[in-house]
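Bear in mind these aren't lab numbers, they're just calculated from the coordinates by the rules spelled out. The structure displayed is predicted, hence computed values, not measured ones.
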Amino acid sequence: WRDSFAPVYASGTVVYVVRGNHENDVPDNLAIWNSVFSGAYAMPGNGPGGESNLTYSLTCSNALFVGLDDYINIHRINQPWLNQQLAPNRQPHIFTFGHEPAFKAFHTDCLDDYPTERNAFWSSLTAAGAKVYLCGHDHFFNVARIDDGDGNATNDLYQFIVGTGGTTNWPPQRYNYN
């Protein structure tokens, strides 16, 4: 990671990451993650207990950024902690990101494995005024506007799947909204 991203870091660009399923699926994954993302490469240390260096938030300019781990509690995020980040926020822009989509497009293992928890997550973002949730997991680019049912499309939340790191084009996928 550090070798590959050395030019990015050298340019002064700040990099914030969340781990994915491939980082979670190896022995000693947390020890390896924390050795790579340590010191100047560490994530903000303000996440919930047990998710240090994995889940975090930060404010930059007029935006709140929230990185979410999907694997401490597999296919779920720490909703109480997220609520604590969203409640006092006064920034006009909210960007949340995690590895797994909230709504399945291709991979079946994602936040929709637990629809009650996923819906609470989505509702909390909508209530806070968020407009986007960024994720990867699927190896393609896809955008879905998730209609909140109030008849006003301007306040709906978008899921951006941006897992385009080195794959071929995929045919269109069908979302699972249940």
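Antiparallel beta bridges, as assigned by DSSP with both residues in region 33-97, represent about 50 percent of the total such bridges.
Using a Gaussian network model of the chain whose springs link C-alpha atoms within less than 10 Å, name the residue from L134, L82, L58 with the highest mean-square fluctuation. The residue that fluctuates most here is L58.
Helices in the chain, meaning DSSP H runs of at least 4 residues, each add -39500 (n - 2.57). Divided by all residues, the mean residue ellipticity at 222 nm is -6500 deg cm²/dmol. Using θ = phi - 60° in the Karplus curve 6.51 cos²θ - 1.76 cosθ + 1.60, the 3J(HN,Hα) couplings for region 151-157 round to x, 10, 5, 6, 10, 6, 9 Hz; x is entered for Gly and Pro. With Cα atoms defining each centre, region 37-54 and region 2-33 are spaced 12 Å apart in the structure.
Indicate the gyration tensor shape class of region 1-105 (rounded, prolate or oblate), computed on the Cα atoms with a ≥ b ≥ c the square roots of the eigenvalues: a/c under 1.5 is rounded; otherwise a/b larger than b/c is prolate and the rest oblate. Taking the square roots of the gyration eigenvalues as a ≥ b ≥ c, region 1-105 is oblate. Annotation: the antiparallel percentage among DSSP beta bridges lying fully within the chain is about 45.
Amide hydrogen proximity for Y133: with H placed 1.01 Å from N in the peptide plane, the residues at 5 or more positions away or on another chain lying under 5 Å are Y158, Q159, F160. Here is the P(r) of the chain: all C-alpha pair distances, binned every 10 Å from 0, give 9, 36, 38, 15, 1 in whole percents.
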